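Values quoted throughout were computed directly from the atomic coordinates according to the rules given, and no laboratory measurement underlies them. Note that the structure is predicted; figures quoted are calculated from it, not measured. Every residue, glycine among them, receives a Cβ derived from its backbone with ideal geometry; neighbour counts consider all protein chains shown.
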């Protein structure tokens, strides 16, 4: 096991810079998830850790040893690929054993380790099959078997679940979490799915356009996003945003079309950084609740109703802004209705309209 | 009502006919040589022409093996073809791999130059090659043929392999390199087995090229014991006589090994090996 240190790492392909100096330290035994939209550089960063891409500038260290110039086979890592990358001409057993064979593991030990790994992943009955005879989920298990059998210092996962259907994805997510608990190996996991990131990670690194936005625990990223991008990326449904002018006394928030929402005295402390200026207000859907008579209650137009069984998501018009609110399952609303909603501004986030940086702590 | 567009009549039949013409073009001369090889010379010269031999004989085959050291020609041809094919495939595989994977500048241009090299008329190379081999004191040795044969087949083999290598997903090699292979190891353990059909196709092309080659073999090997089959067969011809049945028998002896070889390796040329390793 080992820590993975990424120090001021840059990557350019020709004249195009794709990673602009990233610093991340993944602690020994930590489960770190790199997340971000397509093209943010997360897979490139992972491939640099693996040694499949060169590092243009900066250093990558695994277990305290700088690995910039080491080929992948000398980094003591294992990687699970998005498209499985199983050797189609080899059986499942040969696929799993390949890394051991390349490292000259004696045959009896190799067989024992393959048996153990396949038992852990419940693929013992598939050992003699070729990858072509397996389902997507089984192939992904074999790919994970190939990774765990060598007990490497670090596991790298490159969007391993994105080719699986929703149910299988949830199942495999649990499986991966269990593997981490069992082996305690350092994991760097790339995904574009923020639910995977939230559920799996000890810490999430959110990337955008080759820049690190925030590297913190899922709860921190959710509760204290450092900027508007992180706030909008983490959380499903995403945070609601509205540009608003706040008066010096923070008594009301103007949401356009003449709608001005009163602010409770308790929420004023939270909104203090916005006093007398224009800000972007961010409010999570769970803080847009149904309710008349609250301190910040205003009537809102219902635009869309999405029942989820356990709750209902309601798209509401508040002045110029469209806010999603989490309502009870039996909300009894339909598009075109007007319903009172209460905005819990004590939980609001404030962002600078130009830089997008968070103004609230 | 809309008129149906006029369609080419009996498209399937036309395709069959074209295939038949191609097959007949290759097969009928061989059949004629085979029939000639079991006729006596008298029967061959007799009019009217007989198609099937009146009195089939294997005497011509006996003469093939007694008149000239054909076992030496066979051995020379076989050794030269195998060794030059091995050399050609090794270099072509590495070259094709480099063109497909190593982010070289202008791989398309390099391929075009290779193609241009393949277009050189062989006759233009004979004199420089002769001079080179004489300077290297390699005349009348296997390497005098192995080296140019390997080089001459390389452009075609490289192009065949490039098209096969392009179909192998990058991540399969990446997985192999993470599993402990070097780049060449990944090529050997993963890419080559998966592109076996392409490798065999290229190898068959190279092998047949060498097996059939006449001009260089004639020029670079003047000693009888170093001759290859195509040149050796000409020795059955006398100054004034053309013993066609014996020459035909020698030709059949030349055709059979390569036909068997191709038949054996054709079984290995199976597609779809890559299915299942990746998604989809």
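The C-alpha atoms of region A:1-133 occupy a region whose extents along the principal axes are 47, 30, 25 Å, arranged from largest to smallest. Using only the Cα atoms of region A:21-88, build the gyration tensor, take square roots of its eigenvalues as a ≥ b ≥ c, and label the shape rounded, prolate or oblate: rounded if a/c is under 1.5, else prolate if a/b is larger than b/c, else oblate. Rounded, since a/c falls under 1.5.
How many percent of the alpha carbon pairs in chain A exceed a separation of 40 Å? The calculated P(r) of chain A puts 28 percent of pairs beyond 40 Å.
As a length-normalised measure over Cα pairs under 8 Å and 6 or more apart, the relative contact order of region B:74-233 settles at 41 percent. Using a Gaussian network model of chain B in which every pair of alpha carbons under 10 angstrom is joined by a spring, one finds that among B:154, B:177, B:133 the greatest mean-square fluctuation is at B:177. At the listed q of 0.09, 0.15 Å⁻¹, the Debye profile of region A:240-351, built from one uniform point per Cα, gives log10 I(q)/I(0) equal to -0.21, -0.58.
Summary of the geometry: region B:22-91 and region A:197-213, compared by the centres of their Cα atoms, lie 72 Å apart.
Were the residues from residue B:208 through residue B:140 laid out at 0.36 nm apart, the gain over their Cα-Cα distance would be 22.4 nm. Note that region A:199-304 shows a convex hull volume over its alpha carbon atoms of 145 Å³ per residue.
Computed over the Cα atoms of the protein assembly as shown, pair by distinct pair, the Kirkwood hydrodynamic radius stands at 31.1 angstrom.
Comparing mean-square fluctuations of A:270, A:146, A:284 from a GNM of chain A with C-alpha springs under 10 Å, the top value falls on A:270. Legend: calculated FRET efficiency, residue B:110 to residue A:181, from the Cβ-Cβ distance at R0 = 45 Å, rounded to 0.05, equals 0.30. For region A:248-331, the relative contact order works out to 28 percent when only alpha carbon pairs closer than 8 Å and six or more residues apart are counted. Indicate the gyration tensor shape class of region A:48-203 (rounded, prolate or oblate), computed on the Cα atoms with a ≥ b ≥ c the square roots of the eigenvalues: a/c under 1.5 is rounded; otherwise a/b larger than b/c is prolate and the rest oblate. Here region A:48-203 falls in the oblate category. All alpha carbon pair distances within region A:292-361 were sorted into 10 Å bins beginning at 0; the resulting P(r) in whole percents reads 19, 43, 28, 10. Counting only other chain Cβ atoms within 10 Å of each residue's Cβ, the peptide B:199-210 averages 0. Overall shape of region B:158-210 was characterised from the C-alpha gyration tensor. The equivalent ellipsoid obtained from it has semi-axes of 24, 11, 7 Å, in decreasing order. Here region B:125-280 has an Rg and Dmax of 20.7, 69 Å, counting Cα atoms alone.
Just checking the listed ones, B:17, B:136, B:220: in the Gaussian network model of chain B with Cα springs under 10 Å, the one fluctuating most is B:17. Give the shape of chain B as rounded, prolate or oblate, defined through the alpha-carbon gyration tensor: a ≥ b ≥ c are the square roots of its eigenvalues, a/c under 1.5 means rounded, and otherwise the shape is prolate if a/b is larger than b/c and oblate if not. Oblate.
Here the contact order of chain B, divided by its residue count and restricted to Cα pairs under 8 Å and six or more residues apart, works out to 30 percent. Counted over all Cα-Cα pairs of region A:137-206, pairs farther apart than 17 Å make up 37 percent. Measure out, as a whole number of angstrom, how far apart the alpha-carbon centroids of region A:260-327 and region B:158-180 sit. Taking the Cα centre of region B:158-180 as reference, the centre of region A:260-327 is 54 Å away. The peptide list A:52-62, A:256-266, put in order of mean Cβ contacts within 10 Å with the highest first, becomes A:52-62, A:256-266.
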